[in-house]
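Chemist: The structure's right below; bear with me while I get my questions together.
The values are calculated or read from the model by the stated rules, or taken from the named source; none is laboratory data. Remember, predicted model here, so these are calculated numbers, not experimental data. No Cβ is skipped: glycine too gets one built from the backbone with ideal geometry, and neighbour counts run over all protein chains shown.
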Amino acid sequence: MGLFDFFRKKKVDAMLVSDSDVNQGLDEEKLAALLALSRRLSAGNEDIVQEVSDAYLAPNEYCERWQDRLDDRGITGPMEGLPWIALVDALIDERLADEMDWKSEGSTILYVTRRLIARKQLLPHDKDWSEFEYDEQQRTEFMLETMKNKLQAYGIALACMDIESDSYVLIAVEAAMLEELKQLADTAGYRIHNHFNPHWN
């Protein structure tokens with residue numbers, strides 16, 4: 001090997017190492033964002049953070065441990081998006097999120113929202129739910145939009161963890177936290193949104 005060939009090979013090797021480091025760095029950034037998001041949404045519940053970490057780093061073991069829960073979603077093994085589903089299911093188990101059908105009635109929306117907010121004690125003690133009326137004839141997404149707008153007056157954000165299905169995974173958080181949560185989800189490769197436009201007919 002000539003001197004020129006030697007240095008050309010060293011350059012190629014360096015490029016390969018650099019590409020690998022970049023990919024590893026991206027994965028680490030996504031995981032860090034996802035775990036930070038998990039910690040915030042779970043109010044620091046480290047068991048939930050650990051579940052999400054396991055789904056990311058050891059998907060086979062995670063699926064074996066939580067197969068009963070995954071069966072309800074028709075998931076039989078590791079898949080893309082498993083850590084996100086792990087976070088959603090763990091939050092639902094702890095009543096920090098709730099999944100509802102895209103054709104839910106107003107009374108269901110009110111009940112779910114009240115339970116989420118009570119779980120985190122977000123509504124001021126001197127407020128009640130008397131003004132949160134609902135119309136059973138109103139489409140689900142419009143009812144959610146109405147509820148979201150009313151809650152904004154109390155500094156509460158009603159939002160949705162997007163799992164690309166015909167259901168809403170609702171969360172209730174302090175409004176001041178929402179943009180940070182949305183950014184963390186985006187960095188991790190997922191989406192939290194707080195608009196409830198019609199998605200299905």
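Chemist: Tell me yes or no: at least one residue of segment 81-96 is touching a Lys or Arg at 6+ places or on another chain (Cβ under 7 Å), farther than 21 Å from residue 182 by Cβ and at pLDDT 95 or above.
Modeler: Within segment 81-96, one or more residues are touching a Lys or Arg at 6+ places or on another chain (Cβ under 7 Å), farther than 21 Å from residue 182 by Cβ and at pLDDT 95 or above.
Chemist: I've got another one for you. Checking the conditions here, which among 25, 44 is at pLDDT below 95, surrounded by fewer than 12 Cβ atoms within 10 Å (Cβ to Cβ) and within 16 Å of the chain's Cα centre (by Cα)?
Modeler: Being at pLDDT below 95, surrounded by fewer than 12 Cβ atoms within 10 Å (Cβ to Cβ) and within 16 Å of the chain's Cα centre (by Cα) holds for just one of 25, 44, which is 44.
Chemist: So, one more: So which of 184, 110, 158 is in a helix (DSSP H, G or I) and either within 20 Å of residue 37 (Cα to Cα) or touching a helix residue (DSSP H, G or I) at 6+ places or on another chain (Cβ under 7 Å) (or both)?
Modeler: From the options 184, 110, 158, the qualifying one is 184.
Chemist: Out of curiosity, is residue 78 part of a loop (DSSP other than H, G, I, E, B), more than 14 Å from residue 167 (Cα to Cα) and in the same structural domain as residue 153 (by TED's automatic domain parsing)?
Modeler: Criteria not met by residue 78.
Chemist: Another question, then. Take segment 164-201 and flag every residue that is at pLDDT below 95 and either hydroxyl-bearing (Ser, Thr, Tyr) or buried (at least 18 other Cβ atoms within 10 Å of the Cβ) (or both).
Modeler: 165, 167, 168, 194, 196
Chemist: All but one of (1) more than 21 Å from residue 160 (Cβ to Cβ); (2) in the same structural domain as residue 140 (by TED's automatic domain parsing) hold for residue 109, so report the exception by its number.
Modeler: Going through (1) more than 21 Å from residue 160 (Cβ to Cβ); (2) in the same structural domain as residue 140 (by TED's automatic domain parsing) one by one, residue 109 breaks only (1).
Chemist: Have a look at 163, 156, 171 and point out the one that is among the β-branched types (Val, Ile, Thr) and without any contact (Cβ under 8 Å) to a residue 40 or more places away in the chain.
Modeler: On inspection, the qualifying residue turns out to be 156.
Chemist: Out of (1) assigned to a loop (DSSP other than H, G, I, E, B); (2) closer than 29 Å to residue 56 by Cα, what's the single condition that is false for residue 104?
Modeler: Here residue 104 clears every test but (2).
Chemist: Now a separate question. Among the residues of segment 58-75, is any crowded, with 18+ Cβ neighbours inside 10 Å, under 12 Å from the mean Cα position of the chain (by Cα) and not assigned by TED's automatic domain parsing to the domain that holds residue 135?
Modeler: Within segment 58-75 (the criterion being crowded, with 18+ Cβ neighbours inside 10 Å, under 12 Å from the mean Cα position of the chain (by Cα) and not assigned by TED's automatic domain parsing to the domain that holds residue 135), the answer is no, since none of the residues qualifies.
Chemist: Considering segment 90-128 alone, what residues qualify as being more than 21 Å from residue 72 (Cβ to Cβ), touching a Leu at 6+ places or on another chain (Cβ under 9 Å) and surrounded by 17 or more Cβ atoms within 10 Å (Cβ to Cβ)?
Modeler: Correct list: 109, 113, 117, 122, 123.
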